[in-house]
Amino acid sequence: MVRRTAWILVLTIALAVPAFAQEHKAEVTVNFGWVFSDGVTGDAIIAGDGNTYNEITPKDAQAFSFTFGVLPTENTEVGFLWGRQMSELEAKGTATRTVDIMAVDNYHAYFAYNFGTFDVPVRPNVLFGLGATHYNGVGFTTAAGEQRDIPGQTKFSTTLGAGVKVYPSPNVGVRFGARWTPTYIKSDAAGWWCDPWWGCYVVGDAQYSNQFELSGGVAFRF
């Protein structure tokens, strides 16, 4: 009887270990960091202040983000990411001028792969997402004293990231990572291309606004 009970106990523990390892089915992260941004160029414009401007760009600034992911397997994760960069819109050329405060929001559905198993304390990961970047509208006063507004715009974007999660406890950890978000803004005519079948057509030079984010945060597993 004792031997039978011991075998049942061992079998129960053996079956419980995989179940315990698989109990984490969702993860939420809260992240804070810094974003290095660039913008796009265009035709040179002589402004009322006497300077010539040919570039508009978000300023490097602090950011925060949230992710919610579901883990269908021990290594795969699908979820949604929202992030906000608390930036300013700048016009650049012969001088640099701050136009107004401007927030940049990112919305991405993502797929991530987490290396290792649930029970290891350190898990590197990579992430790929598809979604949109929204540049919030701004208002400003021209050199002539006129009030102008630039409406917000939403553009298609992708995001690529890599990082590491460290779990000192089974359900709470810290994460550090880097993420690159290129956002398509516009295409400029780069010349003509001709072939004997399709004739001649204008070739476009695509311009992207890039965000490079370095961040750290807290991860919660459920």
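Summary of computed values
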{"item": "Answer from T67, T73 - the residue that is without any contact (Cβ under 8 Å) to a residue 12 or more places away in the chain, more than 17 Å from T41 (Cα to Cα) and hydroxyl-bearing (S, T, Y)", "result": "T73"}
{"item": "Candidate set from region 39-66 (those that are among the polar types (S, T, N, Q) and within 15 Å of the chain's Cα centre (by Cα)); member that is surrounded by the most Cβ atoms within 10 Å (Cβ to Cβ)", "result": "S65"}
{"item": "Odd one out for Q153 among (1) under 23 Å from the mean Cα position of the chain (by Cα); (2) surrounded by 17 or more Cβ atoms within 10 Å (Cβ to Cβ)", "result": "(2)"}
{"item": "Region 43-63: number of residues that are out of contact with any Gly (no Cβ under 6 Å at 6 or more places or on another chain) and either closer than 11 Å to M86 by Cβ or modelled with pLDDT of 95 or more (or both)", "result": "5"}
{"item": "Residue match in region 167-177 (condition: touching a His at 6+ places or on another chain (Cβ under 8 Å), part of a strand (DSSP E or B) and among the hydrophobic types (A, V, I, L, M, F, W, C))", "result": "no"}
{"item": "Some residue of region 20-35 being under 29 Å from the mean Cα position of the chain (by Cα), modelled with pLDDT of 95 or more and of a type in the set (F, W, Y)", "result": "yes"}
{"item": "Odd one out for A103, checked against (1) touching a His at 6+ places or on another chain (Cβ under 9 Å); (2) surrounded by fewer than 16 Cβ atoms within 10 Å (Cβ to Cβ); (3) under 23 Å from W34 (Cα atoms); (4) not hydroxyl-bearing (S, T, Y)", "result": "(2)"}
{"item": "Test for F118: is it at pLDDT below 95, in a strand (DSSP E or B), out of contact with any Gly (no Cβ under 9 Å at 6 or more places or on another chain) and surrounded by 15 or more Cβ atoms within 10 Å (Cβ to Cβ)", "result": "no"}
{"item": "Which listed residue is touching a Leu at 6+ places or on another chain (Cβ under 9 Å) and at pLDDT below 95, from V126, V78, V138", "result": "V138"}
{"item": "Residue that is nearest to the chain's Cα centre (by Cα) [pool: residues in region 108-150 that are of a type in the set (A, V, I, L, M) and more than 24 Å from N210 (Cα to Cα)]", "result": "V122"}
{"item": "Single unsatisfied condition, T98 versus (1) part of a loop (DSSP other than H, G, I, E, B); (2) under 19 Å from T141 (Cα atoms)", "result": "(1)"}
{"item": "Every residue from region 46-60 that is within 20 Å of E88 (Cα to Cα) and hydrophobic (A, V, I, L, M, F, W, C)", "result": "A47, I56"}
{"item": "Complete set of residues in region 178-206 that are part of a strand (DSSP E or B), of a type in the set (A, V, I, L, M, F, W, C) and either farther than 19 Å from N31 by Cβ or modelled with pLDDT under 95 (or both)", "result": "I185, A189, A190, W192, W193, C194, C200, V202, V203, A206"}
{"item": "Members of region 93-123 found to be among the hydroxyl-bearing types (S, T, Y) and farther than 30 Å from T52 by Cβ, listed by number", "result": "Y107, Y110, Y113, T117"}
{"item": "G69 surrounded by 14 or more Cβ atoms within 10 Å (Cβ to Cβ) and in a loop (DSSP other than H, G, I, E, B)", "result": "no"}
{"item": "Those residues of region 146-187 which are of a type in the set (K, R), closer than 24 Å to S87 by Cβ and touching a residue at least 24 places away in the same chain (Cβ under 8 Å), in sequence order", "result": "K155, R175, R179, K186"}
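The values are calculated or read from the model by the stated rules, or taken from the named source; none is laboratory data. Source: prediction; values computed, not measured. Cβ coordinates were reconstructed from backbone atoms using ideal geometry, including for glycine residues, and neighbour counts include every protein chain displayed.
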